[in-house]
Amino acid sequence: MTSQNPVFIPGPTNMPEAVRLACHVPTMDHRSPAFAEILHPCLDGVRTVLKSETAEIFIFPSTGTGGWEAAITNTLSPGDRVLVGRNGMFSHRWIDMCRRHGLDVQVIEVPWGHGLPADAYEAALREGDVKAVLATHNETATGVVSDIAAIRRATDAAGSDALLLVDGVSSIGSMDFRMDEWGVDVAVTGSQKGFMLPAGLAIVGFSEKAMAATRAAKLPRTFFDVGDMAKGYAGGAYPYTPPVGLMNGLRVSLDMLLSEGLENVFARHHRMAEGVRRAVDAWGLDLCAASPEVQSDSVSAIRTPEGFDATEIVTVAARDYDMAFGVGLGEVAGKVFRIGHLGMLTDAMMLSGLATAEMVMADLGLDVTLGSGVAAAQAFYRHGGKQQKAAA
Ligand SMILES: *Cc1c(COP(=O)(O)O)cnc(C)c1O
C-alpha cells in the first residue's frame, strides 16, 4: 500500500484522480471535430492561466525542455546574443541549450540561492545588442523565485527591444504568473508540474512580438515550428499526431484549476509552502533561498548540516518509507534536499511528508526532534494558514 503515498518531488507531481482518468481515452481521430473540442479548451485555459489576452498557445508532445527549444529556435537566429542569469541547475541547462544552438550567450553569474538581479540585466543590456533576455522564474534546484516584472522594467530602462523568454516550468499553474502585465514574450512550461499531469507536453505561450520574431528567426526547427503548429490549429488539428489522452487530461486539469480559482490555487501553494518553511525553522535548518522574498511557493531546498550528505535523506525516505523527496542538483548536490509542494496537495498530505522527513532525519542521526516540524506546520495549518510567525 505504500505505493499510494503522495510524492514530494518538484515534478512530476501527484495526479488528481479526475485528471488521471481523463488521460484514459479511446483511440480518436485527431482530425475529427471531437479532437477540436479538446484542443480549444486547452488553448483557452492555458492562456487564462498565463494571464494573457492575446498570447498564442502551442502544445507540443515533449517536456519543459522541448518548450525551451521551441522558445529559442522560433525567435532567434544563429549568432544572436542572448542575456541570461544562471542561479541554479535549470537556468544552467537552458544556457547549455542556447550554446549548443550556436547562440552568443552572455551569462550573468548569480550565487545559487539568490534571485536574478534586474540591475545586472540592465547594465548588460546597456552595453550590447541583446536579442533576447532569458529568465527562469522559479529555479527548481534552489527553491528561488525571481521578479520577472523587474527584469522587464530593466530591459525597458536600458532602451532594449530584446524579447523576454521566461521559464515558468515550476511556477505556472502554482504561482502567480502575469504574461501580459510583465511583458513576457515567450512563457514556457510542461505538463507534469503545476498541471498535475504525467510528463509529455511542452506548453508555451507566444506574445504578438514573439510571433513577429518567428518570421525572421533563422535557427533550424521542424518539430517545434510554431508556424506549422498555428496552421494546424487553424484547421482544428495538428501538423502531426497529438497526444490526445494527455491533452484531454490537460483540459480537465485546467477546469480544476480555474474552478478552484487561480488566486485560490496560488494561496493554497503559499500555505503549503509556509507550513514547510515553519517546519524547516523548527528543525533548526535553513533554506537554500537566501532571503524571504525569494522563497518559492512550489519547492523548498533545505540545507543540511556541513559534512552530512543530504542525498541520504532522499535515499532512506525511498528505501524505508516509500516516500519521494528531491535530491540536490549541480552545485548544491549533497548539500540540500528538496520538498516539492506544488500541484495536488492538501494540508493533510503535506503533514505526512513533513512527518516522514522527520523520521528519516532522526534515523540518520540528525539532531531533529520528532514532531517539531509537524507541530509547527500544524499550528499554521489549523488556523487556515493565517497564524502569524512569532517574533524571533
Ligand atoms: C522541470 C523543469 C524543467 C525541465 O522540464 P522537463 O519537463 O523535465 O523537460 C525546466 N525548468 C524548470 C524550472 C523546471 O522545474
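Each value in this text was obtained by applying a stated rule to the coordinates, not by laboratory testing. Just so it is clear, the model here is predicted, and its values are computed rather than measured. Cβ sites come from the backbone with ideal geometry, for glycine too, and all protein chains shown count toward neighbours.
Remarks
- Crossing angle, helix 311-321 versus the chain [Cα axis fit, 0-90 degrees, rounded to tens]: 70
- Spacing of the modelled spin labels on R382 and R99, each 7 Å from Cα toward Cβ, amounts to 5.3 nm.
- Stokes-Einstein diffusion for region 94-221, with the hydrodynamic radius set to the Kirkwood value over Cα pairs and evaluated at 4 °C in a medium of 1.567 mPa s, equals 84 µm²/s.
- When each of S174, S207 is scored by the number of other beta-carbon atoms lying within 10 Å, the sequence from fewest to most is S207, S174.
- Label-to-label distance for A199 and E127 is 3.6 nm, based on points extended 7 Å past Cα in the beta-carbon direction.
- Dipole axis of the chain (+1 Lys, Arg; -1 Asp, Glu on Cβ), positive-most option in G307, P292, H101: H101
- Comparing Cα centroids, region 130-158 and region 161-185 end up 9 angstrom apart.
- Rounded to whole numbers, the Karplus 3J(HN,Hα) couplings from phi for region 89-102 are 5, 6, 4, 4, 5, 5, 4, 4, 4, 4, 5, 5, 8, x Hz, using 6.51 cos²θ - 1.76 cosθ + 1.60 with θ = phi - 60°, and x at Gly and Pro.
- All Cα pairs of the chain, percent lying beyond 26 Å: 52
- Among the listed pairs K51/K218; K131/K335; K51/K209, those whose Cα-Cα separation exceeds 26 Å are K51/K218; K131/K335.
- Cβ-derived FRET efficiency at R0 22 Å, S3 paired with R319, nearest 0.05: 0.95
- Cα-Cα separations in region 46-110 greater than 17 Å, expressed as whole percent: 49
- Here the sum of -39500 (n - 2.57) over DSSP H runs of 4 or more residues, divided by the residues of the chain, equals -13000 deg cm²/dmol at 222 nm, to the nearest 500.
- Less than 5 angstrom separates the built amide H of A202 from those of F60, S62, T63, all sequence-distant by 5 or more or on a different chain.
- Backbone phi angles across region 342-350, fed through the Karplus curve with coefficients 6.51, -1.76 and 1.60 (θ = phi - 60°), yield HN-Hα couplings of 10, x, 6, 9, 10, 3, 5, 5, 4 Hz in residue order; Gly and Pro are listed as x.
- Between 0 and 90 degrees, the angle of helix 118-127 with respect to the longest Cα principal axis of the chain falls at about 30 degrees.
- Backbone HN-Hα couplings from phi across region 268-275 [Karplus 6.51/-1.76/1.60, Hz, Gly and Pro as x]: 5, 4, 5, 5, 4, 5, 5, x
- Beta bridges per DSSP with both ends in the chain, % antiparallel, nearest 5: 55
- Net charge of neighbours whose Cβ lies under 13 Å from the Cβ of H269, counting Lys and Arg as +1 and Asp and Glu as -1: -2
- Segment S32-E181, extension gain: residue separation times 0.36 nm, minus the distance between their alpha carbons: 50.0 nm
- Region 335-384 and region 97-126: distance between their alpha carbon centers, rounded to Å: 35
- Based on the reciprocal of the average 1/r between different C-alpha atoms, the Kirkwood radius for region 261-392 equals 14.8 Å.
- Mean separation of Cα contacts under 8 Å, 6 or more apart, over the residue count of the chain: relative contact order %: 23
- The ranking of T346, T27 from fewest to most other beta carbons within 10 Å of each one's beta carbon is T27, T346.
- Residue order, fewest to most surrounding Cβ atoms within 10 angstrom, among E37, E358, E306: E306, E37, E358
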